[in-house]
1. Of the listed pairs LYS4/LYS259; LYS502/LYS550; LYS322/LYS361, which have alpha-carbon separations greater than 19 Å here?
2. At 0.36 nm per residue, and after removing the present C-alpha to C-alpha distance, how many nm does the segment from LYS415 to GLU137 gain when stretched out fully?
3. Helix 269-290: angle to the longest alpha-carbon principal axis of the chain, degrees 0 to 90, nearest 10?
4. Just to make sure I understand: if all protein chains stay in place, what is the order of HIS524, HIS458 by accessible area at 1.4 Å, largest first?
5. Would you kindly compute the Cα radius of gyration of the chain and its largest Cα-Cα separation (Dmax), both in Å?
6. With +1 on each Lys and Arg Cβ and -1 on each Asp and Glu Cβ, and nothing else charged, work out how big the dipole of the chain is about its Cα centre, in Debye to the nearest 20.
7. Given a Förster radius of 41 Å and the C-beta distance between LYS361 and GLU340 as r, what FRET efficiency does 1/(1 + (r/R0)^6) yield to the nearest 0.05?
8. What is the distance, in nm, between label points placed 7 Å from the Cα along the Cα-to-Cβ direction at SER526 and at GLU150?
Amino acid sequence: MKAKELKKRYLEFFKERGHAIMGSASLIPENDPTVLFTTAGMHPLVPFLLGEKHPLGKKLANCQKCIRTGDIDDVGDGSHLTFFEMLGNWSLGDYFKEDAIRWSYEFLTSKKWLGFDPKKLHITLFAGNKDAPKDTESEKVWLSLGIPEERIYFLPKDDNWWGPAGETGPCGPDTEMFIDTGKKKCGPDCKPGCRCGKYFEIWNDVFMQYNKTKDGKYEPLKQKNVDTGMGVERTAAMMQGKKDVYEIETFKPIVDKVKDLAGIKNPDEKQTKLIRVVTDHLRASTFILAEGRIVPSNLDQGYVLRRFIRRSVRYGKLWGIKDSFTAKIAEIVIDIHKDEYPELEKNKGFIFDELNKEEDKFVKVLDQGLKQFEKLGNDGRISGKDAFVLFSSYGFPVEMTEELAKEKSLKFDKKEFEEEFEKHQQLSRVGAEKKFKGGLSDASYENAKLHTATHLLHKALREVLGDHIKQMGSNITPERLRFDFSHDKKMTPDEIKQVEDKVNEKIKESIKVEKDETTVEEAHKSGAVGLFANRYGEKVSVYTIGKYSKEICMGPHVKNTSEIGRFKIIKEEAVAAGVRRIKAVLEKS
Ligand code: SER
């Protein structure tokens, strides 16, 4: 059964069972700044899972385009992809575990639908923890359908819990369905969830019955929901008796084209992996560009896109592909999917242009960059400065430097790069602020309040999390502040609260905010943080908030902390490896 037929049958099955069929939402989340891409079909449905009324009713199904960068290191095996299509059915407070599982079983095993041999089906369930009990309810349903105990596995939260998509929101235990590929077990502990490829996960039924609150509690939801996700590529591969997703009809022409351009007929294991990576990355790039809104850049979605393209180009050049090739691959991707996703055809010109531009840009510096890389590492390591030069002068995404360092067994600490990056960002911020000099003086009062709050936040973070905290970026609109900082771990609800409390305490103390003009050296001697990339002797402003905070900064700030209002963190999330982002607002005190 081809992927297209699988999608058709799935939607037909759920339509027969009273579901309204929706189109795929955009890959770029419309109203949710917590994630860069739509990672699952449930993502655009969050408000409805929380109780808002959906215009199409309580039972929905669709096929959603998804991008997950979290799995990028696994890409190249037989099943992990950055871009994939996910079939899903939802109950917004309508049916629950019993119906969801029965329908999953029927669709998978009935001869009328997919007709998988029920004996190949293995099931995982949530084992329970302090927040939620073991999911014996779902177990009962599976047993009643004839799945024997030995093919039912209870796994911890890491495996069998889904959500929330952001920091807070709907979540719950899930039950995952695996097909036994018939491969030998890789060891005595081999079971569903093992990465060896024996068990292929194809479907996940999530029972969103909790809401995770900001203080880390799991409150039962009034409206119990179902969110399911079936991977199109993986299920099609299993239906077609293939060992991996790259062999199905929607991948094979892309893989063949990559092989053809690379001049590789019988790839060895390593080449196979790289061919798959290029196939995956250029397929994902084509779909991102098809949205018509994102171009390669050093920021957010644009950076992910750049990484995908540049990594592909690097491998392409490694194989000796002389001419531009990324657009040629995109052409195949477009041909395969244009009927289902008209945006591909519509934005064809844009997709080719952007790919060609990015490829040209990178090809121009890639050789020199690789030569430069060869010169480095004599002492067994790549420093943060080296990585930054590779990034800024040769366009190497830091992940590529990381990969090259690994290939050559050189030590590399990404944190050092991030420190360098911070210096650079601060520098360009000074540049930008200088350009708007004068303009800043009539920046809104709200802006000034948030700016002063940002300084308090910076200091409070250092107090609560430690002195390793460095500012990685800041962005203020009249509505909110956004602060990126270097930190390895997700903040705990308690740490978030401590930071909030500290900031609010300083606001309550009504501390005067004072400005001094000095040189950057003097400023640092006096312990000021911030902008340390200024030139020697350069005059800078230093803002001090009593004894609490001292930062080199261009302002504007309020005169007294009492003007700020009540400080509230609304989000804490990862933006990159080792970089966290806080969004906070001010409420009237
Ligand atoms: N949200 C779940 C997943 O992505 C089910 O759709 O696996």
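The values are calculated or read from the model by the stated rules, or taken from the named source; none is laboratory data. Computed from a predicted structure; not experimentally measured. FYI the Cβ positions are ideal-geometry reconstructions off the backbone, even for glycines, and counts take in every protein chain you see. All accessible areas refer to the heavy atoms of the entire protein, side chains included, with ligands and DNA or RNA removed. Shrake-Rupley method; radii C 1.70, N 1.55, O 1.52, S 1.80 Å.
1. LYS4/LYS259
2. Here the segment from LYS415 to GLU137 would lengthen by 95.5 nm.
3. Taking Cα atoms only, the helix is inclined about 70 degrees.
4. Correct descending sequence by accessible area is HIS524, HIS458.
5. Rg then Dmax for the chain, in Å: 26.2, 79.
6. 280 debye
7. My answer for the efficiency is 0.85.
8. Calculated label separation equals 7.6 nm.
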